[in-house]
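The values are calculated or read from the model by the stated rules, or taken from the named source; none is laboratory data. Here the structure is a predicted model, which means the values were calculated and not measured. Backbone-built Cβ (ideal geometry, glycine too); neighbour counts: all protein chains shown.
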Amino acid sequence: MTDDDGVYRRDVLKASGAAAALGLGGGEFFQTLVESGDGTGPSNRDSGIESYVGQNEVIQTVCSPNCRGKCPIDVHVRDGQVKKVEPHPPEDEQYKRACVLGLSHTQRVYDPTRLKYPMKRTDWSPDEPNPDGRGPDAEFERVSWDEALDLVADKMQSLKADFGPESVLFHVGFGNYGQSGTAFSRLASLFGSTQPASTIDTNVGRGFNRVTGTGFYLPSTNEAEDWENANTIIVWGSDLFSSQFQMDASEVLDAVENGAKLVVVDPVYTTTASKADLWLPVKPGKDVHLALAMMHTVFEDGTYDEQFLRQRTTGPALVRKDTGDLLKSSTVFDDGSDDQVVAVEQGSNTAVELEPETDGPYALFGEFTVDGIECETALTRLRDHVADYAPSEVAEQTGVDAENIRTAVRWLATRGPGGIAPSYALGRYKHGHIFGQTYAMLMGLTGDYGRHGNIHAHHSGGATLSTGGWSTPEDADPGPSVRFSDYPDAMIDGDPHKVRAVYSIESNMMGNQFPDRQRFREAIKSLEMFVVADMHHTDTVQHADIIFPVPHWFEQEDIVSSWGSHPHISYRHKVQEPMWEARDDYYAIRGLAERLGFGDYFPETKRELLRELASRDDAIDFETLSEQGTQKKQNIPIVKFTDAFPTDTGRIKMYDDDAPSEEGVTFDLPRPLEDRTADDYEKADEYPLMFMQKHSRFRIHSQYEMLNWVREVNPEPQLDIHPSDAKARGIEDGEYVRVHNDRGEMIVKAKYNEAFQPGLVNTDQGWWSRDYVAGHHNDLTHNEVSEVGQTMAFYDVRVEVEPAPDDVDTDKYEADNPRGAGADAPRAGGD
C-alpha cells in the first residue's frame with residue numbers, strides 16, 4: 001500500500017533510514033521524513049552535505065513529560081534542524097537540571113513513529129463503526145483536518161441527542177504538562193461529557209490524607225532545596241538515584257554530605273540502596289508491618305515528641321470505651337461543639353477542649369472517666385495496638401532484621417528533623433493506602449512536620465499554573481466522572497452509565513499502560529467511536545477510528561506547570577513549526593468547540609489562550625514568563641505543614657473514629673491487609689512469584705520507547721529473576737521464558753539479577769506490544785482496586801515462570817538485529 005492509494009497500514013510511518021544519528025548528521029533522514037512521497041517537503045536537497053560552519057540559533061523551551069524534571073532546556077537549531085539540547089538555568093539557578101532522555105529530543109523530534117496527517121480507519125463510519133476492525137491489523141486512510149473534525153463533531157452531537165452527553169468520555173492522560181488539558185476539560189464541561197477520575201498512584205496520598213487532611217497522589221513535602229537540612233532520610237520504595245538522579249537525588253546527597261543518615265527500604269537492592277547507610281530489604285507487601293514495628297520501638301524507647309503530640313495531634317484526645325468514638329466537647333460542656341474533641345490536663349484530670357495548635361499540659365496516656373464516661377487517650381490506644389508488632393515478632397515476616405528496624409527508626413526519632421520519602425510504589429499494592437496512613441502517624445510520633453529538614457515524599461510538589469476555574473465555566477453543566485479503573489464497566493456493561501465514544505489526548509493508557517490490558521481492549525471494541533490525539537503511532541493510536549496528529553513539544557507554544565519537580569512555571573517557546581499536518585491539541589479542541597456551538601468560549605489563538613490563563617495566576621506575569629522562559633512562584637512555601645492541619649480538629653489524627661472499612665477491617669488505627677502478597681493467598685502455590693513492573697531510567701512511563709540511542713543499551717524487555725528461582729525452574733541466564741498466570745502471559749529474556757530477592761521478579765514498565773516476542777506485561781496484571789484506596793495495583797500480581805516453548809520465534813532480537821546507526825527504524829511506538 002502506498003501514499004498514492006491513500007491507505008496506510010500500521011507501519012506506514014516507518015522511514016527507510018535509521019534514526020540513530022539524527023542529532024549529529026541527519027540531513028538525509030530529515031529529508032526522508034518530510035518528503036514522504038506527497039510533494040510537501042523539499043525535493044532538491046543534498047543529503048550528503050551538512051553545514052558545520054556558522055552559529056546555531058538557540059531557542060529556550062522546556063521538556064514536558066510526566067516526570068520529576070520539567071526541565072528548562074536550550075535547543076540548538078542549524079539549517080532548520082534540531083542539532084543539540086542542553087540544560088537552561090531557570091530563574092532560581094539551583095534548580096538547573098536535565099537528563100539523558102531530555103537531551104535525546106534530537107532523535108525524538110524526527111522519529112519515524114511521528115504521526116503526520118489526520119487519519120480515519122478505513123472500515124469505520126459514524127453509522128457503521130465495525131469495532132472488530134480495530135487493533136493490530138487496522139488500516140487507515142488520510143483525511144483532511146476539516147473532514148476529521150466534522151466526523152467527530154457530528155458523531156458527538158448524534159450521541160448527545162440519542163443518549164445524553166455523558167455517553168461521550170473525554171479522557172486525558174499525563175503525557176504533556178502544558179495547558180491543552182485545561183482547554184480539553186473546558187470543552188468537556190461545556191459539552192457535559194463524562195470526565196476521568198484518576199485511579200493511578202493515589203493510594204499512599206489517600207491514606208496520608210486520612211491522617212493529615214492533605215494528600216491525593218503523594219503528600220506535600222518541603223521543597224527540595226530544604227532537604228539538605230534533614231538529619232535522617234528514609235527512602236521507602238523509591239530508587240531516586242536512578243529515576244530522579246539529576247534533581248531530588250542531588251539534594252539527598254547534599255544531606256548525606258552534611259552528615260545525614262540514609263536508610264533505604266526496598267525489596268530490591270537498588271542504586272539508591274547501594275548508597276545507603278542501612279538497607280531494609282522488606283518483603284513485597286509487608287511495609288505496614290514494618291512501619292508498625294517502628295512505631296512499637298518509638299513507644300518502647302520513649303522517643304516520641306511529647307510537645308508536638310500535645311500541640312499538633314489528637315494523641316491526647318479521649319476515646320470512649322463504650323462506642324470507640326472520640327469524646328466530643330458537646331457531650332461535656334454546655335456550650336461545646338460536635339466538631340471539638342476533649343482531652344484532660346495532666347495531674348488534675350480536668351476535661352478541656354483540645355483546640356488546634358495549642359500546647360497545653362494534656363495527658364498523653366492513661367484511662368479517665370469524664371461525666372461518667374470511661375475513656376482512654378488516642379495515644380494509649382495506638383500504643384496498645386502496636387504492642388503486637390515488636391521488631392523481633394515481625395522480623396521473619398518482613399524479611400528485615402529486628403535490630404536494623406530499631407536502628408532506622410531511632411535515627412529518625414533522635415537525630416533531629418528528618419523524614420520518610422515514599423514513592424508511588426507502595427500504592428501499587430491493592431491496599432497501599434494503609435501504608436500512607438501508617439507512616440503519616442509514625443511521623444506524627446517523631447514530630448516531623450513543619451520543620452526545616454522534614455521530608456514526606458520522594459519528590460516535592462513543584463509549581464502549577466493556577467487557572468482560576470477556567471476549565472469549568474459558570475454556565476457549564478459538567479457531566480459525571482468515571483474512575484480509570486471503571487472505564488471497562490462503563491463501556492462494556494453500562495455501569496454506572498454507558499460510554500459509547502471516547503476522545504483521548506496525551507495518553508497511551510487505554511492501549512498499553514492500564515492493567516488487565518485485554519479487558520481495556522475489549523472495552524475499546526465496544527465503542528462506536530474512538531478518537532486519539534498523539535505525537536506518535538502508539539498502541540492506543542492503532543485502536544483508534546480517528547487520529548489527530550499532534551506536534552512534538554518543540555513545535556508547540558505552551559505554558560508548562562512543574563508539578564512534582566521545581567517551583568517554577570516555564571514557557572515552552574516554539575522551536576520550529578509543526579511538521580507535516582500535525583496540529584496542537586488546542587487546534588482540534590477549538591475546532592470541535594466551534595462545531596459543537598461553544599466557539600465563543602475559546603480564544604482564537606493558542607497565544608491568546610496562554611495569556612488569558614496566565615492572567616489568572618497572581619504569582620505569574622505573562623510578559624516576564626515569556627521573556628525569561630521561567631518564573632519562580634514566590635508564594636510556594638519551602639517548609640510545609642506549618643499551619644493547622646485541614647482536619648476536623650485542626651490536628652493530625654492519631655486515631656480515626658470515622659474511619660473507612662473494607663473486607664471486614666476498620667482503619668481507625670493502621671491494620672495490615674494484604675491481597676496477593678499474603679502468605680495464605682489462595683493461588684500462592686500455583687503462582688509463587690510476585691511480579692512487579694518498576695520504572696526504568698530508559699523511559700518516562702512509555703515515552704521515549706522508540707529512541708535508538710536508548711535501545712542500544714536497553715534493547716528489549718527482560719525478566720529480572722534471582723538465580724536461585726531461575727535455576728529451580730531449569731532456566732539459564734539469557735534464556736527466553738514464558739511468564740504467565742490465570743490472566744495472560746508474556747515471553748521475554750530472563751536475566752539473572754541478585755538485586756531481586758527470591759520470590760520476586762520484574763519487567764520494567766513502558767514497553768510496547770511490538771517489543772515483546774509474545775504477550776505483554778499488562779496481560780498479567782489485574783484491574784481490581786481497593787474500595788478505600790481506589791488505585792490500580794500494578795505490583796499486586798503473582799506469576800509463574802518456565803522456559804519458553806521451543807518453537808517460539810525470537811528472530812526479532814536474535815537475527816540481524818543491529819542497534820544504533822545500523823538499526824532499522826522501529827515499526828511503532830510512542831508516548
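I need a count of the residues in the range 463-501 that are in a helix (DSSP H, G or I) and exposed (fewer than 15 other Cβ atoms within 10 Å of the Cβ).
Within the range 463-501, the first condition is being in a helix (DSSP H, G or I), and the residues that meet it are 484-493.
Filter again for exposed (fewer than 15 other Cβ atoms within 10 Å of the Cβ), leaving 493.
Final tally of qualifying residues: 1.
Out of the residues in the range 76-97 that are touching a Gly at 6+ places or on another chain (Cβ under 7 Å) and in a loop (DSSP other than H, G, I, E, B), state the one that is nearest to GLN703 (Cα to Cα).
The qualifying residue nearest to GLN703 (Cα to Cα) is ARG97.
In this structure, does VAL370 turn out to be surrounded by 17 or more Cβ atoms within 10 Å (Cβ to Cβ), farther than 29 Å from TYR439 by Cβ and touching a strand residue (DSSP E or B) at 6+ places or on another chain (Cβ under 9 Å)? Steps first, please.
Working: surrounded by 17 or more Cβ atoms within 10 Å (Cβ to Cβ): yes; farther than 29 Å from TYR439 by Cβ: yes; touching a strand residue (DSSP E or B) at 6+ places or on another chain (Cβ under 9 Å): yes.
Taking the combined requirement at face value, the residue satisfies it.
For the condition of a type in the set (Asp, Glu), modelled with pLDDT under 95 and more than 20 Å from SER485 (Cβ to Cβ), what is the one hit in ASP733, ASP771? Outline the logic, then answer.
Details: ASP733 fails: modelled with pLDDT under 95.
Matching residue, one of ASP733, ASP771: ASP771.
Just checking, does the range 796-810 include any residue being closer than 20 Å to PRO488 by Cβ, of a type outside the set (Gly, Ala, Ser) and buried (at least 21 other Cβ atoms within 10 Å of the Cβ)?
Narrowing the range 796-810 to residues closer than 20 Å to PRO488 by Cβ: 796-797.
Of the ones still in play, those that are also of a type outside the set (Gly, Ala, Ser) are 796-797.
Now drop any that are not buried (at least 21 other Cβ atoms within 10 Å of the Cβ), which leaves 796-797.
Yes, the conditions are met somewhere in the range 796-810.
Out of ILE638, ILE652, report the one residue that is under 30 Å from LEU327 (Cα atoms), among the β-branched types (Val, Ile, Thr) and not assigned by TED's automatic domain parsing to the domain that holds ALA755. Spell out how you get there, then give the answer.
Details: ILE638 fails: under 30 Å from LEU327 (Cα atoms).
Of ILE638, ILE652, the one residue that is under 30 Å from LEU327 (Cα atoms), among the β-branched types (Val, Ile, Thr) and not assigned by TED's automatic domain parsing to the domain that holds ALA755 is ILE652.
Would you mind stating whether ASN222 is in a loop (DSSP other than H, G, I, E, B), out of contact with any strand residue (DSSP E or B) (no Cβ under 6 Å at 6 or more places or on another chain) and under 29 Å from ARG611 (Cβ atoms)?
On the way: in a loop (DSSP other than H, G, I, E, B): yes; out of contact with any strand residue (DSSP E or B) (no Cβ under 6 Å at 6 or more places or on another chain): yes; under 29 Å from ARG611 (Cβ atoms): no.
It is false that ASN222 is in a loop (DSSP other than H, G, I, E, B), out of contact with any strand residue (DSSP E or B) (no Cβ under 6 Å at 6 or more places or on another chain) and under 29 Å from ARG611 (Cβ atoms).
So GLY259 clears everything in (1) within 30 Å of ASP92 (Cβ to Cβ); (2) in contact (Cβ under 8 Å) with a residue 40 or more places away in the chain; (3) not in a helix (DSSP H, G or I) except one condition, right? Which one?
So GLY259 meets the others, but not (2).
With (1) surrounded by 24 or more Cβ atoms within 10 Å (Cβ to Cβ); (2) hydrophobic (A, V, I, L, M, F, W, C); (3) at pLDDT 95 or above as the list, and ILE569 as the residue in question, which single condition is left unmet?
Of (1) surrounded by 24 or more Cβ atoms within 10 Å (Cβ to Cβ); (2) hydrophobic (A, V, I, L, M, F, W, C); (3) at pLDDT 95 or above, only one is false for ILE569: (3).
Looking for whichever is surrounded by fewer than 24 Cβ atoms within 10 Å (Cβ to Cβ) and under 29 Å from SER661 (Cβ atoms) here; the options are THR270, THR199. Which one fits? Steps first, answer last, please.
Working: THR270 fails: under 29 Å from SER661 (Cβ atoms).
Only one candidate qualifies: THR199.
Failed condition for ILE73, given (1) of a type outside the set (Ser, Thr, Tyr); (2) in a loop (DSSP other than H, G, I, E, B); (3) touching a Pro at 6+ places or on another chain (Cβ under 7 Å), with all others met?
Single failed check for ILE73: (2).
Out of everything in the range 496-541 that is under 18 Å from the mean Cα position of the chain (by Cα) and acidic (Asp, Glu), what residue ends up being farthest from GLY192 (Cα to Cα)?
Result: ASP516.
Tell me which residues, restricted to the range 328-350, are among the hydrophobic types (A, V, I, L, M, F, W, C) and closer than 11 Å to PRO316 by Cβ. Before the answer, list the steps.
Quick first cut of the range 328-350, residues among the hydrophobic types (A, V, I, L, M, F, W, C) only: 332-333, 341-344.
Within the range 328-350, VAL341, VAL342, ALA343, VAL344 qualify.
Given the conditions (1) in a loop (DSSP other than H, G, I, E, B); (2) in contact with a His (Cβ under 7 Å, 6 or more places away or on another chain), report the number of the one that SER504 does not fulfil.
All conditions are met except number (1).
Suppose we filter PHE333, PHE365 for residues that are modelled with pLDDT of 95 or more and of a type outside the set (Gly, Ala, Ser); which single one remains? First the steps, then the outcome.
Numbers: PHE333 fails: modelled with pLDDT of 95 or more.
After applying the criteria, what remains is PHE365.
Please determine, by comparing only the residues of the range 107-125 that are over 23 Å from GLU705 (Cβ atoms) and assigned to a loop (DSSP other than H, G, I, E, B), which one is nearest to the chain's Cα centre (by Cα).
Within the range 107-125, the match that is nearest to the chain's Cα centre (by Cα) is PRO118.
Only one of these conditions is not met by PHE530: (1) more than 13 Å from PHE170 (Cβ to Cβ); (2) aromatic (Phe, Trp, Tyr); (3) not in a helix (DSSP H, G or I). Which number is it?
Looking at each condition in turn, PHE530 falls short on (1).
Would a scan of the range 625-636 turn up a residue that is touching an Asp or Glu at 6+ places or on another chain (Cβ under 6 Å), among the β-branched types (Val, Ile, Thr) and either modelled with pLDDT of 95 or more or not in a loop (DSSP other than H, G, I, E, B) (or both)?
Within the range 625-636, one or more residues are touching an Asp or Glu at 6+ places or on another chain (Cβ under 6 Å), among the β-branched types (Val, Ile, Thr) and either modelled with pLDDT of 95 or more or not in a loop (DSSP other than H, G, I, E, B) (or both).
Which residues, taken from the range 406-447, are within 21 Å of HIS459 (Cα to Cα), among the β-branched types (Val, Ile, Thr) and either surrounded by fewer than 24 Cβ atoms within 10 Å (Cβ to Cβ) or in contact with a strand residue (DSSP E or B) (Cβ under 6 Å, 6 or more places away or on another chain) (or both)?
Result: ILE420, single match.
Just one of (1) at pLDDT below 95; (2) more than 26 Å from ASP796 (Cα to Cα) trips up TYR424, so point out which.
(2)
Look at ASP111 and say whether it is surrounded by fewer than 21 Cβ atoms within 10 Å (Cβ to Cβ), modelled with pLDDT under 95 and more than 22 Å from GLY494 (Cα to Cα).
On the way: surrounded by fewer than 21 Cβ atoms within 10 Å (Cβ to Cβ): no; modelled with pLDDT under 95: yes; more than 22 Å from GLY494 (Cα to Cα): yes.
Spelling it out, it is not the case that ASP111 is surrounded by fewer than 21 Cβ atoms within 10 Å (Cβ to Cβ), modelled with pLDDT under 95 and more than 22 Å from GLY494 (Cα to Cα).
So, of the residues in the range 126-138 that are closer than 28 Å to ALA593 by Cα and in a loop (DSSP other than H, G, I, E, B), which turns out to be nearest to the chain's Cα centre (by Cα)?
We begin by selecting, within the range 126-138, every residue closer than 28 Å to ALA593 by Cα; these are 126-131, 134.
Remaining after also requiring in a loop (DSSP other than H, G, I, E, B): 126-130, 134.
Values: PRO126: 34, ASP127: 37, GLU128: 37, PRO129: 33, ASN130: 34, ARG134: 28 Å.
Result: ARG134.
Hey, which of the strands (runs of 3 or more DSSP E) in the range 659-778, taking only ones fully inside, have at least 3 residues that are in contact (Cβ under 8 Å) with a residue 60 or more places away in the chain? Can you show your working first?
Working: elements: 689-692, 718-721, 736-740, 745-752, 760-762.
In the range 659-778, 689-692, 736-740, 760-762 are the strands (runs of 3 or more DSSP E) which contain 3 or more residues that are in contact (Cβ under 8 Å) with a residue 60 or more places away in the chain.
For the range 682-705, state whether one or more residues are buried (at least 16 other Cβ atoms within 10 Å of the Cβ), out of contact with any Phe, Trp or Tyr (no Cβ under 7 Å at 6 or more places or on another chain), of a type in the set (A, V, I, L, M) and closer than 21 Å to ASP539 by Cα.
Yes: the range 682-705 contains one or more residues that are buried (at least 16 other Cβ atoms within 10 Å of the Cβ), out of contact with any Phe, Trp or Tyr (no Cβ under 7 Å at 6 or more places or on another chain), of a type in the set (A, V, I, L, M) and closer than 21 Å to ASP539 by Cα.
Here is a list: GLY205, GLY192, GLY181. Which entry is within 24 Å of GLY315 (Cα to Cα) and either in contact with a helix residue (DSSP H, G or I) (Cβ under 9 Å, 6 or more places away or on another chain) or in contact (Cβ under 8 Å) with a residue 24 or more places away in the chain (or both)?
Values: GLY192 fails: within 24 Å of GLY315 (Cα to Cα); GLY181 fails: within 24 Å of GLY315 (Cα to Cα).
From the options GLY205, GLY192, GLY181, the qualifying one is GLY205.
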